[in-house]
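To start, the structure itself, in structure tokens.
Please treat every number below as a calculation from the coordinates, not as lab data. Predicted model only: the values in this text are computed from it and were never measured. Heads up, the Cβs are rebuilt from the backbone with ideal geometry, glycines too, and the neighbour counts pull from every protein chain shown.
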Amino acid sequence: MNHEPLQLAFVGCGRIARAMVSGLIAANWPPAAIRGFSKTGAGAEGLARDYGTTVCPSLQDAVGGADVVLLAVHPHDTAQVLAELAPLATAQQVLVSLVASWQTGAFADVLPDTPCVRAVPNVAVAVNSGVTALCPGPAAGREHLRVATAVFEPLGRVLTVDESLMESVSAVSGAGPALVARFVEALSSSAEARGFTPETASELAAYAVHGTGSLMLKGGLAPEEVVDLVASPGGMTEAALHVLAERGLEDAVHSAVDAAVKLSLGRLRGATGTA
């Protein structure tokens, strides 16, 4: 980085915080500019051990002097943590919420002067190949969104979306790597059943997905164009695609995303107290 790095404070040091720190360190974000605080201390200590970040013994130590406070706690713990943050956070800081199912308005109710930006990254940020959706809260302006974007840009693609779509982002993009991994697992299992070693089967399946993503993202191809490149009339690919269609792949994926959104909306109603 060619400028003074933003000072980042992770409040909560679980899976997504670890993925972000991994990607940030790989992108040359200085470990000294990243601090962590976790309820038991284990998560923050793990980050320090693996990446050289700073362990904070208290929430006050974590938040004090930070440019960006990244809230990465469990949704059920969020109300309590917000109450503890209220006397500590300032209008000069940007609060980035990584909390699932909590809208920015709920943060504004407790921290009206602290600009909040909600973020939904996926775990591929760990290898700088993720995608993160951002939406600004009521007190967040263009500059606050720019600051949040600067944190996530080293980790992959950054998009800005309307908050009404964030639960769907969580289901499609946030949960997406797990859904795709299940497909890779199934494809790999099919290869193993035909005599490949587990290592070779896994590599064949993973590179099929990796290459497909590159064709679309780097090659600019639409999914149907990728299909057309591979599937010749009456060929083996067409036969395989017919089976997926007959077994209802699209319906299954739609149902999976719907289930994820439904769960997130249920949590959202609980967090805001709405009916």
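See the values below:
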item: Percent of C-alpha pairs per 10 Å bin, the chain, short to long; result: 6, 25, 31, 20, 12, 4, 0
item: Spin-label proximity, ASP50 to region 114-153 - amide N less than 12 Å from point 7 Å beyond Cα toward beta carbon; result: 126-127
item: Protection proxy ranking, peptides 171-180, 147-156, average beta carbon neighbours within 10 Å, highest first; result: 147-156, 171-180
item: Order of PHE37, PHE196 under a 10 Å beta carbon neighbour criterion, fewest first; result: PHE196, PHE37
item: For region 101-145 and region 5-23, distance of Cα centres in Å; result: 14
item: Helix 176-192 vs. the chain, principal-axis angle (Cα, 0 to 90°, nearest 10); result: 30
item: Environment charge of LEU187, counting only residues whose C-beta is closer than 12 Å and scoring Lys/Arg +1, Asp/Glu -1; result: -1
item: Translational D in µm²/s for region 119-275 (Stokes-Einstein at 4 °C, 1.567 mPa s, Kirkwood Rh from C-alpha pairs); result: 71
item: Percentage, to the nearest whole number, of Cα pairs in region 176-259 over 22 Å apart; result: 33
item: For region 95-137, convex hull volume per residue from C-alpha positions, Å³; result: 63
item: Rounded, prolate or oblate (a/c below 1.5 giving rounded, otherwise prolate when a/b exceeds b/c) for region 83-186 by Cα gyration tensor; result: prolate
item: Share antiparallel - DSSP beta bridges, the chain, percent rounded to 5; result: 20
item: Ascending count of other beta-carbon atoms within 10 Å, so fewest first, for LEU95, LEU8, LEU88; result: LEU88, LEU8, LEU95
item: Ranking of THR132, THR237 by count of other Cβ atoms within 10 Å, fewest first; result: THR237, THR132
item: Zero-based 10 Å bins, Cα pair distances in region 8-166, whole percents; result: 12, 45, 37, 5
item: Longest DSSP-loop-exposure-free segment, trypsin sites (Lys or Arg not before Pro), the chain, at most 11 other Cβ within 10 Å; result: 1-193
item: Cα gyration tensor, region 44-138 - rounded (a/c under 1.5), prolate or oblate; result: oblate
item: Size of charge dipole - the chain - debye, nearest 20, with Cβ of Lys, Arg +1 and Asp, Glu -1, no other charges; result: 480
